[in-house]
1. Which of the residues that make up the range 308-317 are in contact with an Asp or Glu (Cβ under 9 Å, 6 or more places away or on another chain) and open to solvent by less than 20 Å² (accessible area, probe 1.4 Å)?
2. Restrict the check to the range 403-421 and report whether at least one residue is in contact with a helix residue (DSSP H, G or I) (Cβ under 7 Å, 6 or more places away or on another chain) and within 21 Å of Leu531 (Cβ to Cβ).
3. Go through the range 98-117 and give me each residue that's outside any loop (DSSP other than H, G, I, E, B) and open to solvent by 60 Å² or more (accessible area, probe 1.4 Å).
4. Can you tell me how many residues within the range 517-540 are open to solvent by 20 Å² or more (accessible area, probe 1.4 Å) and farther than 21 Å from Tyr387 by Cβ?
5. Does the range 337-367 hold any residues that are among the hydrophobic types (A, V, I, L, M, F, W, C) and assigned to a strand (DSSP E or B), and which are they?
6. Can you name every residue in the range 386-399 that is touching a strand residue (DSSP E or B) at 6+ places or on another chain (Cβ under 6 Å), in contact (Cβ under 8 Å) with a residue 60 or more places away in the chain and in a loop (DSSP other than H, G, I, E, B)?
7. Test of understanding: among Ser279, Ser326, which residue is open to solvent by 50 Å² or more (accessible area, probe 1.4 Å) and either more than 21 Å from Gln237 (Cα to Cα) or modelled with pLDDT under 90 (or both)?
Amino acid sequence: MKLITSFVPILIFLISPLFANEINIKNAYLKYNTGSNSVIYLNISNQSNQDVKLIQAKSNIADRVELYDMMSTESGKKMVLVSAIPVPKKSNVTLSPNGYHIMIFGIKSPLKLKEIIPLRLIFSDGNELDIKIPVETTSPNANHSQLNQNQSNKKEENSKESHNRSGEGSNGNDTSLTNDSMEEDHSTHDHHGNEGHHNHNRADMIGPAGIMNPHIHEKGKWMIDYRYMGMKMWGLQSGTKGQSDLGTLYFPYTDPTVAMPTGSLITSSPIGTTIPILSQNNFNYMSVPTDMVMEMNMASVMTSLSDKWMIMFMVPVIKNRMTMLSSNFDRAPMSSSGIGDVSFSAAYRLIKTEHQNFFTGMGISLPTGSIDERDNMPMMGKQKVPYNMQPGTGTYNLLPQLSYNGQYDRFSWGILSQANLRMGKNDNNYKFGNRYEISSWISYLVFDMMSVSLRVAKQRWLNLQGLDATLDPKMDPQNDPYRQGGMRSDMFVGMNFIVTKGMLSGIRFGFEYGRPFHQNLNGPQMTTRELVNVFASFTF
């Protein structure tokens, strides 16, 4: 904690220049139009000592706000979607019909002349400006004459270009557009591509299904998210080598710290009568697990407090099913279920550029899950289920997180590093070992509504500290606090989808399927074989 508290002031000092407010907006207005699309013109003044770019514009009056430029082609001027509008240092850039401009699509309610609408402008240096602009037929500001002069100069240049092309056999009237005709084209224009553009209506704007990657959406909006995480395990493993079920049952283990009483159920098991080497410090397990399914259903609610802060509340529901094999060859099912540890978390966006974001976050989970679930066990009747079958941890846990993600053209990528740090022992005198995980992924946007992803994850979890006195470590290896740690590397393939039209517009969903490619367990522990992750979310 000392390291974190000393690092934060240094980090704030280093990044503080990014947030200096040296960008000013003048002469902004939205062109009055009775249709569902329109255009915004304005003047951007950059008085800082560094070049910046306008990378995004937002307004809640419409479905979509995008950046465009007018570019010369053989057939005349053509509007082209752009990812950014450059604003050099110590200069002004005017958004006009003949050049860069902001298009607004899917206006939700008819515009009224003189109406004031909200507009948010996001720049590559971290500046995010919230302004109010009027709905006008022309610029209402005194500097409009200068804007017209600039446009007039560009018209003369266009006229010269047209004249030159007409001398090559083309008609000047076909290759040049007046300001009025351009504005008319803007108001009826639709979206034709998203190459290099930061579009929130992309399927890959949320990470793969198996991770909760921080994502800042529009301020004041809420997201409801559901996730299912399932894991199938079968077979036993110690270190990197597998072990047979019967071999684990009949193999003698030695524990020098505990002298097993002569004549106990364990030393009197079938193996105890056939192998004379068993002593007061030697034992063999009464039962071992053969297969297990662990399922988690998570419901979460999140919202963005600003363009930098998001908060989340999550409730997990746990369900575990296991088959046990006893030393007398009986097989018996075992299960547990219940609400897990509820968590609260917050994420802060430290850095935002045109194509990349860097987040940090912290959360805390509360000891709301049970650590005293019981079920029938082979040869023992109804007993407390092992540590890994309990829905909760019984402790408060810190959940730190660091995240980086990027996007360019049809590709997006990211890295997420997180931990689960246990704070003190629970009421049963133990605490789970800390857990550390890092994931990296890359996604490809097949089209706006669908993306495919490849993810690699590595996690490490430590042994328990302390022990529950009611769980006999000699009865089942899952009861041994020193046989709980390990590490695992997984690979996932997945798909994300987003609904962009109709009643279900705004719903996102996706899935992942994964398998481990390396495991090293402080066993004997069950080997993880398959992992499935599913999610669905809705923003409103």
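The values are calculated or read from the model by the stated rules, or taken from the named source; none is laboratory data. In this text, all values refer to a predicted model and were calculated from it rather than measured experimentally. Note that each Cβ is placed from the backbone with ideal geometry, even for glycine, and that neighbours are counted across all protein chains shown. Just the protein is used for accessible areas: all its heavy atoms, side chains included, with ligands, DNA and RNA removed. Shrake-Rupley method; radii C 1.70, N 1.55, O 1.52, S 1.80 Å.
1. Residue satisfying the conditions is Pro316 alone.
2. Going through the range 403-421, the residues in contact with a helix residue (DSSP H, G or I) (Cβ under 7 Å, 6 or more places away or on another chain) turn out to be 412.
Still in the list and also within 21 Å of Leu531 (Cβ to Cβ): none.
No, the range 403-421 has no match at all.
3. Taking the range 98-117 and keeping what is outside any loop (DSSP other than H, G, I, E, B), we get 101-107, 116-117.
Result: Ile116, single match.
4. So the answer is 9.
5. The initial filter retains those residues of the range 337-367 that are among the hydrophobic types (A, V, I, L, M, F, W, C), namely 339, 342, 344, 346-347, 350-351, 358-359, 362, 364, 366.
Correct list: Ile339, Phe344, Ala346, Ala347, Leu350, Ile351, Phe358, Phe359, Met362, Ile364.
6. Correct list: Pro391 only.
7. Just one listed residue meets the conditions, Ser279.
One line per residue, one yes/no per condition, for (1) within 30 Å of Met310 (Cα to Cα); (2) part of a helix (DSSP H, G or I); (3) over 24 Å from the mean Cα position of the chain (by Cα):
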site	(1), (2), (3)
Met487	no, no, no
Gly494	yes, no, no
Gly502	yes, no, yes
Gly514	yes, no, no
Leu521	no, no, yes
Gln525	no, no, yes
Val532	yes, no, no
Phe538	yes, no, no
